[in-house]
Amino acid sequence: MAQVYIAALAGVGGIVLGYVAYLIINRRSIEATKKKSHELTEGIEAKQKELILVAKDEAIKIKEEAKREETSRLKEVKELEASLRRREESFDTRIGELEKERKSVQESQKEVEEIKTRIRDIRVKQEESLERIAKLSKDEAKKVLLDLVEKENKDELIQQIKQVELAAKEEGESRARKIIATTISRISSDMVAEQTVSSVAIPSDEMKGRIIGKEGRNIQVFEKETGVDVIIDDTPDSVVLSSFDPVRRQIAKVALEKLIQDGRIHPTRIEEMVKKAGDEVNEEVKKAGEDAAFEAGVTGLPVELLRIFGRLKYRTSYGQNQLRHAVEVSNIAGVLAAEIGANVDICKKGALLHDIGKTVSQEVSGSHALITGDIMRKYGISEEVVHAAESHHEEVEIKTTEAFVVQAADAISGARPGARRESLEQYIKRLRELEEIANSFEGVEKSFAIQAGREVRIIVHPEDIDDLATHKLAKDVASKIEATMQFPGQIKVHVIREMRAVEFAK
């Protein structure tokens with residue numbers, strides 16, 4: 001038991017000793033920490049003092065630098081003020097001088113006007129004096145002077161006129177030939193001559209009787225339904241359909257071919273076949289219009305307008321198919337427009353539709369060009385395209401470059417070799433008109449239309465028409481032909497003045 005107490009006391013003693021040792025060590029540590037803290041505090045204070053001294057030195061330097069810069073800036077400002085003051089004084093002096101010059105110019109202008117007035121008065125007095133002396137007015141004296149100059153320099157004037165005309169003609173023809181040749185070489189197509197009648201083949205002459213019917217009943221119903229004339233004559237194996245409306249003629253042709261193929265020809269069957277043929281032809285017309293627009297490269301046209309346009313497939317002019325003509329004119333107009341820098345889209349559309357009025361010209365009175373404009377406006381075509389189309393015969397005044405291009409393309413297509421043909425009566429009428437126009441001018445002895453109407457040769461009385469007047473006569477005749485006639489291509493006017501002296505030796 002005693003040992004236990006001893007062990008307990010020893011343990012308590014150890015604890016006490018340990019606690020005492022801890023206190024001693026802790027106290028020493030605290031003292032060391034305080035000492036170190038005091039040393040750090042003294043170091044920081046010393047560093048702060050040192051920094052404050054450095055900052056004060058820097059502040060003094062900055063202040064001195066600012067003072068120097070301020071002094072320099074003040075000096076510059078004073079110099080600028082002095083310079084501006086000098087400029088202001090210079091401007092004031094210059095303004096004063098300009099004001100003096102302005103007053104001087106005004107005075108000079110007044111003097112000039114006074115001098116001009118005096119000169120005009122003097123000129124009027126001189127003219128009056130000259131008129132009294134010469135007994136001629138100013139206009140009469142001018143005419144006498146011009147006549148004198150013309151007589152003295154007639155040969156020189158004629159030579160100069162010829163040179164100017166020749167140079168202009170050569171240059172114009174060269175450029176026009178180049179453009180037109182390029183166009184025609186790029187746009188070429190064949191034209192098939194067509195007529196206003198259609199021929200339908202029949203298997204035998206017996207079929208003619210069946211077409212006529214009992215007491216002519218079948219042929220009467222057929223003509224009534226189609227609006228065409230059926231010509232049954234002695235021509236073997238064929239029946240002729242005649243009508244000025246090409247669409248009706250085509251419907252009649254299709255219907256008659258169907259009736260002949262079917263063999264059953266009676267009024268009811270005729271009505272059915274005519275209706276079917278009308279539907280087929282209308283669909284064919286629509287497709288023809290769409291195909292033509294596609295071939296010409298023209299898009300955006302209304303379907304109904306294309307349906308009307310497609311009717312040109314069955315229309316001809318001087319043997320030239322009008323749908324093919326429209327496509328050709330559109331292509332030519334596009335090339336011409338590209339060559340001269342015009343609007344290609346307007347030219348192609350206007351050229352493609354320029355003859356659409358011909359499809360209804362039998363039903364509506366008036367020029368086909370004006371009807372064309374009305375149809376195009378009805379379907380919302382732009383006014384630029386409408387103008388280009390409706391002015392191609394100059395019934396509407398041409399106002400745009402594109403309209404001139406369409407007119408030129410139409411003339412090229414119609415005038416190129418092989419495009420059109422005309423009847424003997426029309427050909428003779430055109431030649432007679434050319435000679436009548438030429439003979440209507442004073443001084444003309446006789447005239448001849450030659451080269452198939454491409455040239456007019458005019459022989460004048462040499463005592464009535466001099467060399468200078470021959471040029472004027474040629475221009476006047478050409479202008480009258482252009483104003484009063486319609487013709488493809490161009491007509492050369494050739495004026496001949498010949499002086500002959502005849503004597504007889506006896």
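What follows is calculated from the coordinates using simple rules that are stated; it is not laboratory data. Please read all numbers here as calculations on a predicted model, not as lab measurements. Positions of Cβ are backbone-derived with ideal geometry, glycine not excepted, and every protein chain shown enters the neighbour counts.
At a Förster radius of 45 Å, what calculated FRET efficiency corresponds to the Cβ-Cβ distance of SER29 and GLU69, to the nearest 0.05?
Details: r = 58 Å, r/R0 = 1.30.
That pair, SER29 with GLU69, gives E of 0.15.
Between VAL12 and ASP92, the simple spin-label model (points 7 angstrom out along Cα→Cβ) gives 11.7 nm. Among the lysines of segment 425-497, pairs at least eight places apart or on separate chains and with Cα atoms under 16 Å apart come to 4. Extension gain for HIS494 to LYS475 (0.36 nm times residue separation, less C-alpha to C-alpha distance): 5.8 nm. Taking label points 7 Å from Cα along the Cα-to-Cβ direction, GLU339 and LYS446 give a separation of 4.1 nm.
Were the residues from LYS116 through ARG454 laid out at 0.36 nm apart, the gain over their Cα-Cα distance would be 115.8 nm. Rounded, prolate or oblate: pick one for segment 1-130, where a ≥ b ≥ c are the square roots of the eigenvalues of its C-alpha gyration tensor, a/c under 1.5 means rounded, and failing that, prolate if a/b is larger than b/c, else oblate. It is prolate, given that a/c is not under 1.5 and a/b is the larger ratio. Full extension of the segment from LEU80 to ILE232, taken as 0.36 nm per residue of separation minus the current Cα-Cα distance, would add 43.3 nm.
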